[in-house]
Amino acid sequence: MALEKVYEPQQFEPHWAKWWVEEGLFVASTDGSKPPFSLVVPPPNVTGALHMGHMYEIAQIDITMRWRRMQGYNVLWLPGTDHASIATEMLVARQLRDQGIEPRDIGREKFLEHAWAWKEKYGGTIVNQFKRIGASCDWTRERFTMDAGLSRAVREAFVRLYEKGLIYRGEYLINWCPGCGTAVSDLEVVYSEQQGHLWHIRYPVTGSDEHVVVATTRPETMLGDTAIAVNPKDERYRHLWNKTVTLPLVGRQLVVIRDELADPEFGTGVVKVTPAHDPNDFEAGKRHDLEFITVMDEQARMNEKAGEFAGLDRFEARKQIVKRLNDQGLIEKIEDYTNNIGSCQRCKSIVEPRVSTQWFIRTKPLAEPSIKAVETGEIEIIPDQRRRNYFEWMRNIRDWCISRQLWWGHRIPAWYCADCGEVIVTREDPASCGKCGGEKIEQDQDVLDTWFSSGLWPFSTMGWPDETEDLKLFYPTSLLNTGFDILFFWVARMIMLGIEMAGDVPFRQVYIHGLVRDADKQKMSKTKGNVIDPIEMTDKYGTDAVRFALVVAAGQGSDVVLSEERIAGGRTFANKIWNAARFIFLSLEKSGADPWSPEDPDGFVPEAATGNGRPSLEDRWMFSRLNEVAGLVNSHIEKYRYHEAANLLYHFFWHEFCDWYVELKKLSFREDSGLTPEWKNMLAAMERALRLLHPVMPFITEELWQRLTTGATGRPRSIALSTYPSEDPTLTDKEAERQVELLREIIAALRNLRAEMGIPPKTQLEGICYGHRAEVAEVVTEQAAAVSRLANVKLTAQSGAAPQGKAMHHGKDFDLQLELPAEETKTLRERLAKQLKPLEKARDSSQRQLGNEQFLSKAPPHVVASIRKKLADYESQIKRIRETLSSLQ
RNA sequence: GGGCGGUUAGCUCAGUUGGUUAGAGCGCCUGCCUUACAAGCAGGAGGCCACUGGUUCGAGUCCAGUACCGCCCACCA
């Protein structure tokens, strides 16, 4: 029964983590008897390590879910399972190569076998890690597998879009990653500035001695030039119109086209046109019907079209070409130049524009209703500012390239007939060509972009395209809680596909949280080496501590700055809770009573104290506060102000429950008293406080709650299944709150006096409190024991003002007089003078305001009245302090 | 180039709808091993709320501009 002196979360956290999942505490019942609350959870990145960002996300999500569950909702998590195709493919390929196996040699089937084995092993590890950091959902309840349920949904979605003409196959210049060997979407390309050069190259004008100078940052692509362009408004080059120039090193004749592509202000105003290797040139090439010459292969090596440079890597080719040009005197000059280089998000290789045939989704028709859904508030994006980014992106959306040249992923459900060339897109694998009946058909080798299947997540996981009970009850889901980084990748696509496929928005609210940064505000990343490992921190400080530190540190939508000190701070809070409980249990044992909790914890009101008609002041106060705090916490979590909820709970528990309630309660502890009403009140208060804290500190509250409620009949199996306290305004006890406030003021003033006068804590003093209100004397008399214990002063009460020169402290409602062992007038004078300053400042400002006609006529009456009241208080205090000061002369 | 955010105590950050002595954690100073907790207790110091103007009876809070920091998107041969 007895608790250890120091809180050791390792002893119970793993137990509860396992238990919650095994008991299925957070699996929806789907019986429809309770309001549904479903939540889409971002996929853990199975290919990477668990990081603080995950932990932060899980903490917020878990708080929401526990809170909703305790409020009686029928909750459902839709935990994502990462299946990032490129990342998985890369990792598996790397693993195979480490074993000396070249993926290309073993073929698709074998490769996928390896991938599955790896996925199972590694994925399981990640899922276990998620459990350890406190995620209460069952991550093993996978509603998704690559080859089962989702596969069907993916195919259904693809076919529907195809049949509606929203998916097409076409030849375009796409972003090609030579490292991954696949096409990537615009979003998967990250740009960074790099130092490079701008080469000015002379292209001889055919049939004259003249040459034109073109500037390029990529000389190696010149082998694919099929034109040069000048701006039609650029008079300098009018004479070139209709002429041709000779492409150096190759000898091809290039027409001179007139096109806006050439900016007269940039470089020489003449630009080479390489339609197969540059997006702008590609467009120009289509406008002018130019030839598209691809000079590189899929590994970005120069191909046979590159003539003598064939086989060279693109960067080596650049060097060689520049050298050859230089030898021929065709380099006019070389400038230093900073350009933006696009790299692959995954493998960091420099992306190469490449002409190829790919599958695309026509996004404009999908974007329109998606924009509308957010505009009309059908989907709420929180915080609000993020809406702008969303609109901006959606309105300028470009078609989405969804095919990937990988093995790991959902295969595109398209077949090609070798006989007639027919393209067959169907739900079932076809046996023959529907057009010519030929049996030589072959499925497209490509797989889908991982975000295509991810975009179906909110409904595919619920059994779509079947009309399941889950879908009826839980779709649209209530909330998506995620980071800004995948707003476009994932959120936007879920919205587009949700509206199109499932006929309704995928979620009602999107809460976007900030990033987790280190103490130097740097984004945590492995390459920077500033990663705080959540598992390590969890081992060291406990899951509750890490979660609390994360949640309390960030305002709505802003970043979290995390340091180990903060996490240590979370642990001190847990330790505080632990020790408060420990003390209660120890004292209870001394009282000879067993742990007890009320049958109806929510209906419990404090019982009258022994030998008294009403509950003690501290009990009335505590239950009033518990009630108010419940109201505030509920409102904070509702509005995603997690940090405010956490902060409030921290202060309430530490500085009200422990510092004052427990301290005051100590006075009523008696050995072998048995289970007195005072004890019942305290145990019920503790029980309620634990429930309030539970979403934020799940493990420690579960452990303590289980101990506290042992033996209670009819209690739920877990605190997570109990109810969350809510506010009942009729239970607020303003009188008790006011009186405890007064008591705290008096004790604080006495402690302050003692400290500043340098009186040792053990010296007991006698004192008189002169109350200006009847209530003061009442409180002082009734709480004399409390004052004695908490300030070590035997205080008696008198009414009215203190006799001239007797008081040493002047409060708003009372004066205090202390019997000091020695004369301390100097210290006392300094003390009083110090107090005078801010009071005078406040009085002046109040006077200024009340002297202002405008203020009196325009400010609301209650504000004017409150200033008047304050001014009177200030003046009264100042007057009394002055009197005492002058008598101390 | 377009857009968004930030600037409050030594550090990291809160501060709901404008309401008057601006808060917390950590750090710092003083005193305490007080029959839960030294991961603790009591007390204390420390702020022209970036700058300039405006709106208002009243501005950390609303508006405009300036400076610095950060992020996102787009483009640049």
Open item on the list: Among the residues of the range A:812-842, what is the count of those that are away from RNA strand B (no atom under 12 Å from the Cβ), among the aliphatic types (A, V, I, L, M) and surrounded by 14 or more Cβ atoms within 10 Å (Cβ to Cβ)?
Closed with: 5
Open item on the list: Could you check the range A:555-567 and list, in sequence order, the residues that are near RNA strand B (Cβ under 7 Å from one of its atoms), surrounded by fewer than 17 Cβ atoms within 10 Å (Cβ to Cβ) and part of a helix (DSSP H, G or I)?
Closed with: A:GLU565
Task: Considering residues of the range A:849-872 that are polar (S, T, N, Q) and outside any loop (DSSP other than H, G, I, E, B) only, the residue nearest to RNA strand B (Cβ to nearest atom) - done: A:GLN854
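Residues are listed down the side, and each one gets a yes or a no for (1) at pLDDT 90 or above; (2) over 21 Å from A:VAL546 (Cα atoms); (3) surrounded by fewer than 19 Cβ atoms within 10 Å (Cβ to Cβ):
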| site | (1), (2), (3) |
| --- | --- |
| A:GLU57 | no, no, no |
| A:GLY72 | yes, yes, yes |
| A:TYR122 | no, yes, yes |
| A:ASN128 | no, no, yes |
Task: Within the range A:479-509, tally of residues that are open to solvent by less than 10 Å² (accessible area, probe 1.4 Å) and either more than 16 Å from RNA strand B (Cβ to nearest atom) or farther than 20 Å from A:TRP400 by Cα (or both) - done: 13
Open item on the list: Kindly evaluate A:GLU89 against the criterion of being among the acidic types (Asp, Glu), part of a helix (DSSP H, G or I) and touching a Leu at 6+ places or on another chain (Cβ under 8 Å).
Closed with: yes
Task: Residue within the range A:414-424 that is under 25 Å from A:GLN299 (Cβ atoms), more than 16 Å from RNA strand B (Cβ to nearest atom) and either touching a Phe, Trp or Tyr at 6+ places or on another chain (Cβ under 8 Å) or β-branched (Val, Ile, Thr) (or both) present - done: no
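Residues are listed down the side, and each one gets a yes or a no for (1) among the hydrophobic types (A, V, I, L, M, F, W, C); (2) open to solvent by less than 30 Å² (accessible area, probe 1.4 Å); (3) in contact (Cβ under 8 Å) with a residue 40 or more places away in the chain:
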position	(1), (2), (3)
A:ALA373	yes, yes, yes
A:ASP399	no, no, no
A:ASP429	no, no, no
A:GLY438	no, yes, no
A:THR450	no, yes, yes
A:GLU469	no, no, yes
Open item on the list: Just the residues that are in contact with a helix residue (DSSP H, G or I) (Cβ under 7 Å, 6 or more places away or on another chain) and either within 6 Å of RNA strand B (Cβ to nearest atom) or open to solvent by 20 Å² or more (accessible area, probe 1.4 Å) (or both), please, taken from the range A:568-582.
Closed with: A:ALA568, A:GLY569, A:ARG571, A:LYS576, A:ALA580
- [ ] Please go through the range A:190-208 and pick out each residue that is more than 8 Å from RNA strand B (Cβ to nearest atom) and either in a loop (DSSP other than H, G, I, E, B) or among the aliphatic types (A, V, I, L, M) (or both).
- [x] A:ILE201, A:VAL205, A:THR206, A:GLY207, A:SER208
TODO: Answer yes or no as to whether A:SER846 is open to solvent by less than 40 Å² (accessible area, probe 1.4 Å), without any contact (Cβ under 8 Å) to a residue 40 or more places away in the chain and assigned to a helix (DSSP H, G or I).
DONE: yes
TODO: Exactly one condition in (1) within 8 Å of RNA strand B (Cβ to nearest atom); (2) touching a Leu at 6+ places or on another chain (Cβ under 6 Å); (3) among the hydroxyl-bearing types (Ser, Thr, Tyr) is not met by A:SER845; state its number.
DONE: (2)
Task: Wholly within the range A:237-277, strands (runs of 3 or more DSSP E) carrying at least 1 residues that are near RNA strand B (Cβ under 10 Å from one of its atoms) and closer than 21 Å to A:ASP289 by Cβ - done: A:270-273
- [ ] Kindly indicate the residue of the range A:688-715 that is of a type in the set (A, V, I, L, M) and either open to solvent by 30 Å² or more (accessible area, probe 1.4 Å) or over 19 Å from A:TYR7 (Cα atoms) (or both) and also modelled with the highest pLDDT among those meeting that condition.
- [x] A:LEU692
Task: Condition broken by A:ASN647, with the remaining ones in (1) near RNA strand B (Cβ under 9 Å from one of its atoms); (2) of a type in the set (S, T, N, Q); (3) buried (at least 23 other Cβ atoms within 10 Å of the Cβ) satisfied - done: (3)
Open item on the list: For the range A:657-667, which positions are open to solvent by 30 Å² or more (accessible area, probe 1.4 Å) and without any contact (Cβ under 8 Å) to a residue 60 or more places away in the chain?
Closed with: A:ASP659
Open item on the list: For A:ALA685, only one of the following conditions fails: (1) among the small types (Gly, Ala, Ser); (2) surrounded by fewer than 23 Cβ atoms within 10 Å (Cβ to Cβ); (3) over 30 Å from the mean Cα position of the chain (by Cα). What is its number?
Closed with: (2)
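The values are calculated or read from the model by the stated rules, or taken from the named source; none is laboratory data. No experiment lies behind these values; they were computed from the predicted model shown. Ideal geometry is used to build each Cβ from the backbone, glycine not excepted, and the neighbour counts take in all protein chains shown. Each accessible area value is taken on the protein alone, full model and side chains, heavy atoms only, with ligands, DNA and RNA left out. Shrake-Rupley method; radii C 1.70, N 1.55, O 1.52, S 1.80 Å.
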